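The values are calculated or read from the model by the stated rules, or taken from the named source; none is laboratory data. Quick caveat, the model's predicted, so the values are computed rather than measured. With ideal geometry, Cβ positions are generated from the backbone for all residues, glycine too; neighbour counts draw on all protein chains shown.
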Amino acid sequence: MTALAPTDGPAALAAIGRGYVRFAVTEPAQFEVMFRTDALDESAPELVAATGTAFGLLTGTVERCCLEGWLSDRDPQLVAVAAWSIVHGLASLWISGRLVDRIGASDSDQLAAAVSELFVEAVLRRR
């Protein structure tokens, strides 16, 4: 199955959210260590480059949304932080097992898609 490239900024932002959660769920140990500052050398050039690339993808996509007229007067940096916070929290809650009993979700991909779409629909508006 081949995934289609997102056609606009909002679709790309939703795809990033789905991908973030999918990575976390399929690689939980790696996901966890990525945020353990006690286990990482935050000055390592490879880590600096990797985190810059990852955050750059997110901020670049939010900037694309801005250029396409989707942010209205919203601060692009705030939109990026909010988007990251939501999918990071969702991924962490899924990995912990706390969501399955509370909401009965059995498919992290479906839940990530629904949450990402909800964020996009609630935050991004055409001017």
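The single condition among (1) closer than 18 Å to Ala122 by Cα; (2) of a type in the set (Asp, Glu); (3) without any contact (Cβ under 8 Å) to a residue 40 or more places away in the chain; (4) exposed (fewer than 15 other Cβ atoms within 10 Å of the Cβ) that Glu27 does not meet is (1). Taking the criterion of being among the hydrophobic types (A, V, I, L, M, F, W, C) and either within 16 Å of Glu27 (Cβ to Cβ) or at pLDDT 95 or above (or both), the residues of the stretch 94-104 that qualify are Trp94, Ile95.
Determine whether the stretch 68-76 contains at least one residue that is assigned to a helix (DSSP H, G or I), touching a residue at least 12 places away in the same chain (Cβ under 8 Å) and under 22 Å from Ala12 (Cα atoms). Checking the stretch 68-76: at least one residue is assigned to a helix (DSSP H, G or I), touching a residue at least 12 places away in the same chain (Cβ under 8 Å) and under 22 Å from Ala12 (Cα atoms).
The selection criterion, being more than 13 Å from Val25 (Cα to Cα) and of a type in the set (Gly, Ala, Ser), does not hold for Ala112. For the residues Ala112, Ala54, Ala80, the requirement of being assigned to a helix (DSSP H, G or I) and closer than 17 Å to Arg125 by Cα singles out Ala80. Within the stretch 60-92, being hydroxyl-bearing (Ser, Thr, Tyr), more than 11 Å from the chain's Cα centre (by Cα) and exposed (fewer than 12 other Cβ atoms within 10 Å of the Cβ) holds for one residue alone: Ser72. Among the residues making up the stretch 93-127, those that are among the basic types (Lys, Arg) and surrounded by 10 or more Cβ atoms within 10 Å (Cβ to Cβ) are Arg98, Arg125. Among the residues of the stretch 30-52, those identified as surrounded by 10 or more Cβ atoms within 10 Å (Cβ to Cβ) and either of a type in the set (S, T, N, Q) or in contact with a Phe, Trp or Tyr (Cβ under 7 Å, 6 or more places away or on another chain) (or both) are Gln30, Phe31, Thr51. The residue that is nearest to Ser92 (Cα to Cα), counting only those in the stretch 29-46 that are of a type in the set (S, T, N, Q) and in a loop (DSSP other than H, G, I, E, B), is Thr37.
Within the stretch 40-54, can one find any residue that is closer than 22 Å to Glu117 by Cβ, of a type in the set (A, V, I, L, M) and in contact (Cβ under 8 Å) with a residue 24 or more places away in the chain? No, there is no match, as no residue in the stretch 40-54 is closer than 22 Å to Glu117 by Cβ, of a type in the set (A, V, I, L, M) and in contact (Cβ under 8 Å) with a residue 24 or more places away in the chain.
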